[in-house]
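Report on one structure; see the data block that follows.
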Amino acid sequence: MLHSALERLKLKGKSLLPIVQGGMGVGVSAHRLAGTVASLGAFGTISSVDLRRHHPDLMVQTGRSRDKALIDAANLVALDRELIAAKKIAKGNGLVAVNVMKAVAEYAAYVRQACESDADAVVVGAGLPLDLPELTTNFPKVALVPILSDVRGIGVIIKKWMRKNRLPDAIVIENPRYAAGHLGAPSTDALNNPNFAFPTVLEGTLQLFKDLGLEQENIPLITGGGIHTHRQVVDLMGMGASAVQLGTPFAVTEEGDAHPNFKKVLVEAKPEDIVTFMSVAGLPARAVRTPWLANYLEKEAKLQRMAKPKPCTVGFDCLAQCGLRDGISKHGQFCIDTQLAFALAGDIKRGLFFRGSEKLPFGNAIRPVRELIEYLLTGLRPALAAVSAPTVRLEPAFAPA
């Protein structure tokens with residue numbers, strides 16, 4: 001386990017390093033990454049979405065199936081397996097959480113399975129988890145951690161949960177201006193709203209706690225989105241954060257669960273290669289402009305004009321509301337599960353590669369989780385010259401937006 005002079009994150013009786021690894025799907029943060037982070041005394045997270053893709057036997061059963069119930073059942077088996085494997089790696093250290101998107105159709109089933117499989121925490125983003133206390137009533141030892149972006153959303157959750165005699169065990173404050181994947185803003189135009197700035201949200205949330213008489217409650221605030229330096233960690237904790245959350249820097253570590261090509265695409269991306277667009281989930285998303293995404297964005301307006309309800313192309317119905325399936329013209333018009341699965345497998349031409357907008361702590365080098373956490377805690381960097389990731393050729397379609 002690692003140690004730090006920074007104040008520790010106190011959560012459900014655990015004393016953790018103030019570093020949280022964000023949940024990244026499909027399959028980018030599974031047992032190896034989450035378990036390794038936890039083994040070092042920090043907060044590791046498994047993304048619950050479509051984990052069957054890490055299990056060949058489950059893919060044999062479901063890879064060509066159009067039976068939604070069969071696929072859903074396989075994913076619950078995979079989540080159970082991944083939690084068991086992550087806990088084995090952690091060896092009782094740190095914390096192993098499961099991230100569940102509120103926007104997925106099987107949200108409630110994933111939450112219940114995470115609890116039954118002994119997750120230490122359930123983290124929920126991509127929507128307001130107003131019903132999370134009810135879903136976890138029988139599992140009081142499981143920490144409940146919503147992901148929110150502004151004081152208004154935090155206030156809604158806390159006031160609703162207070163009526164149910166429950167408080168969040170921690171809150172992730174994610175700034176959509178910098179984060180990867182699905183972003184907590186109503187549109188791409190709203191991403192730069194000053195109400196999402198960390199100082200504003202931290203100050204406003206601490207004042208909200210005072211107004212609601214919650215000053216004596218331990219509700220750690222975890223800031224996430226664009227964090228990539230030790231200095232940022234120190235500054236944010238000085239503003240009142242109890243920890244920081246990172247996604248992309250953990251995705252490109254040696255222990256990240258995605259294919260090496262996935263990591264290379266992320267580390268080689270230049271600022272102009274990173275774009276935001278509307279996902280099929282009805283939320284803005286941020287990713288690397290690889291060949292598939294470049295081609296899609298050229299056709300996006302036409303596809304949206306032609307949008308109409310149609311059967312799910314893979315028989316999975318992963319989202320509760322899907323722009324492609326439900327014919328919602330303002331949403332994205334592609335199968336997100338298919339494109340993310342291509343990325344997980346390292347298919348550079350066909351994959352959707354989510355990435356945050358900011359620099360990475362080690363540039364284009366792929367380093368171990370231990371070194372990333374040590375750098376975030378201490379500011380000390382390892383020698384990097386000999387271990388840079390090979391450059392990835394991304395064809396002419398990989399061009400500035």
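Looking only at region 10-58, count every residue that is outside any helix (DSSP H, G or I) and farther than 16 Å from T378 by Cα and tell me the total. Explain how you work it out, then say what you get.
Residues of region 10-58 that are outside any helix (DSSP H, G or I), as a first pass: 10-30, 40-50, 55.
Next, only the ones that are farther than 16 Å from T378 by Cα stay: 10-15, 21-30, 43-50, 55.
The total comes to 25.
Residues of region 31-49 that are touching a helix residue (DSSP H, G or I) at 6+ places or on another chain (Cβ under 6 Å) and within 18 Å of R112 (Cα to Cα): T45, I46, S48.
So which of T223, T205 is assigned by TED's automatic domain parsing to the domain that holds N99, under 19 Å from S357 (Cβ atoms) and β-branched (V, I, T)?
T223
Can you find even one residue in region 70-88 that is among the charged types (D, E, K, R) and farther than 25 Å from A126 by Cα? Let's see the steps before the verdict.
Step one: of region 70-88, the residues among the charged types (D, E, K, R) are 72, 80-82, 87-88.
Still in the list and also farther than 25 Å from A126 by Cα: 87-88.
The answer is yes; a qualifying residue exists.
Looking only at region 180-226, residues that are in contact (Cβ under 8 Å) with a residue 24 or more places away in the chain and touching a Ser or Thr at 6+ places or on another chain (Cβ under 8 Å) come to 15 in all.
Among the conditions (1) of a type in the set (S, T, N, Q); (2) assigned to a helix (DSSP H, G or I); (3) at pLDDT 95 or above, the only one that T253 does not satisfy is (2). When region 206-230 is filtered for residues that are within 16 Å of L17 (Cα to Cα) and assigned to a helix (DSSP H, G or I), only H230 remains.
I336: closer than 23 Å to G44 by Cβ, buried (at least 20 other Cβ atoms within 10 Å of the Cβ) and among the β-branched types (V, I, T), yes or no? I'd like the intermediate steps shown before the answer.
On the way: closer than 23 Å to G44 by Cβ: no; buried (at least 20 other Cβ atoms within 10 Å of the Cβ): yes; among the β-branched types (V, I, T): yes.
The answer is no for I336.
Here L79 clears all of (1) surrounded by fewer than 23 Cβ atoms within 10 Å (Cβ to Cβ); (2) over 25 Å from P18 (Cβ atoms); (3) not basic (K, R) except the condition numbered (1).
Restricting region 91-101 to residues that are surrounded by fewer than 23 Cβ atoms within 10 Å (Cβ to Cβ) and in contact (Cβ under 8 Å) with a residue 40 or more places away in the chain leaves a set whose member that is farthest from T136 (Cα to Cα) is K91.
Residues in region 246-300 that are surrounded by 24 or more Cβ atoms within 10 Å (Cβ to Cβ), among the polar types (S, T, N, Q) and not assigned by TED's automatic domain parsing to the domain that holds A86: S279, T290. Pairs linking a residue in region 297-325 that is β-branched (V, I, T) to a residue that is surrounded by fewer than 15 Cβ atoms within 10 Å (Cβ to Cβ) and in a loop (DSSP other than H, G, I, E, B), with Cβ atoms under 9 Å and 6 or more positions apart or on different chains, are V314/R66. State yes or no: is S47 under 25 Å from C335 (Cα atoms), in contact (Cβ under 8 Å) with a residue 24 or more places away in the chain and among the hydroxyl-bearing types (S, T, Y)? When the stated conditions are applied, S47 passes them.
The values are calculated or read from the model by the stated rules, or taken from the named source; none is laboratory data. As the structure is a prediction and not an experimental result, all values here were calculated from the model. All Cβ positions, even for glycine, are placed from backbone atoms using ideal geometry, and neighbour counts span all protein chains on display.
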